[in-house]
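Here the structure is laid out as structure tokens; the discussion comes afterwards.
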Amino acid sequence: MKMPALPALLEIVAYSYASALEAQLGGAHRIELCENCAEGGTTPSLGTMEATRALPGVKLHVMIRPRGGDFHYTPAEFKIMLRDIALARQAGADGVVFGVLSPDGTVDQPRVRELVEAAQGLSTTFHRAFDWAHQPSDALEAIIQAGCQRVLTSGQASHALAGAPLIAKLVQQAGDRCQIMAGGGVGPHNALAIIQQTGVRELHASLRGVQATTMEVRPAEVALGASPNWESDAIPVANRAQVAALIQLLFKLQKP
């Protein structure tokens, strides 16, 4: 497959301002801003949007998702999504990220179209709800017809390299009608293979790290929401060094 023009764009998902800052300092091109990592990402607060928007040299796309769980929303939840798009616009976001499915696993095209219309003037991404969609080829056509500009996918696999065959098919199907962005387990160790095998021009990665606490005193016996991977007072953030390493790799790929 012909290599795309590089460097490819790198989007980092950030679940807090602290994480967004680390991603920006590492050289990320774009931030997908969310909250609630454990739930796969929900809409961040207006204050977090505004603070992240103030970071220089990086695009800001805001997750529009009122809760964790599935992607079939009640009328009240959908109304929240429309309102959150307006707040993202108010905060100066460059784009919004959403996904809506019907109970049968098809794309809820009328609702996606309504979200796209509400986001007019902003970039629109259909997130990894796509990876739960029945019949991915049909799902992509429904998303394109609804006017959405980008699809984030792991190729309906556990990670993007495993899903590379489907991602490559989606890239060919979409052509210049929609951007396909590969996400799921993306890092410096596999980015080149994903680009070569799929032809994507955008990558989405978390590259998670941990920022140590500045607290000097904390009761050791009291854990509040501790993750099995780090202490409860540590701060989960994007790994700045890993972001920078992936950016450097992408620039090296541009050289003849």
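Things worth noting here:
- Given (1) within 15 Å of E11 (Cα to Cα); (2) more than 15 Å from the chain's Cα centre (by Cα); (3) of a type in the set (V, I, T), index of the condition I167 fails: (1)
- Filter result (on the phi > 0 side of the Ramachandran plot and in contact with an Asp or Glu (Cβ under 8 Å, 6 or more places away or on another chain)) within region 103-154: G147
- Screening F71 with (1) under 27 Å from G26 (Cα atoms); (2) touching a Gly at 6+ places or on another chain (Cβ under 6 Å) gives one miss only, at (1).
- Verdict on T42 being under 15 Å from the mean Cα position of the chain (by Cα) and not aliphatic (A, V, I, L, M): yes
- Evaluating V13 against the criteria (1) surrounded by fewer than 22 Cβ atoms within 10 Å (Cβ to Cβ); (2) outside any loop (DSSP other than H, G, I, E, B) leaves one unmet condition, (1).
- Taken over region 109-138, residues that are within 20 Å of the chain's Cα centre (by Cα), within 19 Å of K79 (Cβ to Cβ) and polar (S, T, N, Q) amount to 2.
- Residue that is surrounded by the most Cβ atoms within 10 Å (Cβ to Cβ) [pool: residues in region 115-132 that are touching a residue at least 24 places away in the same chain (Cβ under 8 Å), out of contact with any Phe, Trp or Tyr (no Cβ under 8 Å at 6 or more places or on another chain) and more than 19 Å from H204 (Cα to Cα)]: A119
- Near pairs, Cβ below 9 angstrom, 6+ apart or cross-chain, from region 164-188 (in contact (Cβ under 8 Å) with a residue 40 or more places away in the chain and within 22 Å of G147 (Cβ to Cβ)) to any residue that is of a type in the set (K, R) and surrounded by fewer than 19 Cβ atoms within 10 Å (Cβ to Cβ): M181/R201
- G147 vs. criteria without any contact (Cβ under 8 Å) to a residue 60 or more places away in the chain, touching a strand residue (DSSP E or B) at 6+ places or on another chain (Cβ under 8 Å) and closer than 14 Å to V13 by Cβ: no
- Residue within region 197-209 that is assigned to a strand (DSSP E or B), under 21 Å from the mean Cα position of the chain (by Cα) and modelled with pLDDT under 95 present: yes
- Among (1) in a helix (DSSP H, G or I); (2) surrounded by 19 or more Cβ atoms within 10 Å (Cβ to Cβ); (3) not hydroxyl-bearing (S, T, Y) - the single one P165 does not satisfy: (2)
- A14 satisfies every condition listed in (1) at pLDDT 95 or above; (2) over 30 Å from A193 (Cβ atoms); (3) touching a strand residue (DSSP E or B) at 6+ places or on another chain (Cβ under 9 Å) except (2).
The values are calculated or read from the model by the stated rules, or taken from the named source; none is laboratory data. What you see is a predicted model, and the numbers here were worked out from it, not measured in a lab. Cβ atoms come from the backbone with ideal geometry, glycine included; neighbour counts cover every protein chain shown.
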